[in-house]
Amino acid sequence: MVNNIKLRHLLVLTLAVSALPFGLWASHIFSPGVHSTNSLTVSPFSWTNTDGELVELSSVKSPLVMLFVGYLSCDSVCPARLGELVTISRSIPSQELTLLFITLDPNRDTLERRKELVASLGISAGAMDDKALSRLRFELNDRQGDISLHSANVYVLSPAGKLITVFGNQSLSVDTVKSRLSKLNV
């Protein structure tokens with residue numbers, strides 16, 4: 001009887017220990033955001049702005065780019081995030097921080113619609129080809145698949161593509177952004 005109890009305890013312990021690597025792997029694969037920003041650099045990318053011009057990340061004049069990927073017909077995350085970005089754009093000069101909205105739905109978020117609804121509010125708005133956008137979202141570990149499954153993440157990148165920080169599902173305010181960036185010494 002004592003041997004059976006010891007055997008069960010040993011079996012439970014073995015299963016628990018062997019499940020740890022799987023749990024870590026699964027949390028990395030299925031999580032909604034980036035875990036470590038220490039060494040992540042995305043591949044160079046470009047977008048078409050609301051003037052129809054191709055803009056490369058490396059050509060951005062400010063030291064930081066705050067990137068949000070969404071779509072204008074969204075009825076949940078995007079309107080709130082864009083509202084927060086508008087408030088930030090009115091308080092932090094574009095020489096310090098470029099705000100960039102990249103659409104997930106360029107067919108409905110036409111150049112004219114992005115210009116009217118986003119760029120007019122002080123936020124750069126762009127579209128990327130599907131392959132480049134998929135690659136960027138993969139590199140950022142952003143949710144992919146169905147358009148409605150996009151994340152609320154806002155990514156802060158250097159013009160060289162280095163990921164500086166990620167703002168997840170929390171509300172964004174000017175104070176939140178300034179505080180986080182000052183703690184990171186950027």
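Each value in this text was obtained by applying a stated rule to the coordinates, not by laboratory testing. Note that the coordinates shown come from a computational prediction; the quantities given were computed from them, not determined experimentally. Reconstructed Cβ throughout: ideal geometry from the backbone, glycine too, with neighbour counts over all protein chains shown.
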Please state the charge dipole magnitude for region 38-134, taken about the Cα centre, from unit charges on C-beta atoms (+1 on K and R, -1 on D and E), reported in debye and rounded to the nearest 20. 160 debye
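Take peptides 159-165, 118-124 and line them up by average Cβ neighbours within 10 Å, highest first, as a rough protection proxy. Let's see the in-between values first.
Details: 159-165: 16.6, 118-124: 18.3.
The peptides rank, most packed first, as 118-124, 159-165.
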Cα centroid distance between region 36-69 and region 156-186, in Å? 14 Å
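Can you tell me how region 35-186 classifies by the Cα gyration tensor, rounded, prolate or oblate, using a/c under 1.5 as the rounded cut? Please report the intermediate quantities before stating the final value.
Values: a/c = 1.28, a/b = 1.19, b/c = 1.08.
Rounded, because the longest to shortest axis ratio a/c is under 1.5.
For region 32-136, run through the GluC sites (Glu not before Pro) and keep only the ones in DSSP coil with at most 15 other Cβ atoms within 10 Å of their Cβ. Don't skip to the answer; put the middle values down first.
Details: sites: E53, E56, E84, E96, E112, E116; in loops: E53, E96.
Here the sparse-neighbourhood loop sites are E53, E96.
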List the pairs from K61/K178; K131/K183; K61/K115; K61/K183; K61/K131 whose alpha-carbon separation is above 24 Å, in the order I gave them. K131/K183; K61/K131
With unit charges on the beta carbon (Lys/Arg positive, Asp/Glu negative), name the residue among A127, L99, T50 whose Cα is farthest towards the positive pole of the charge dipole of region 46-183. L99
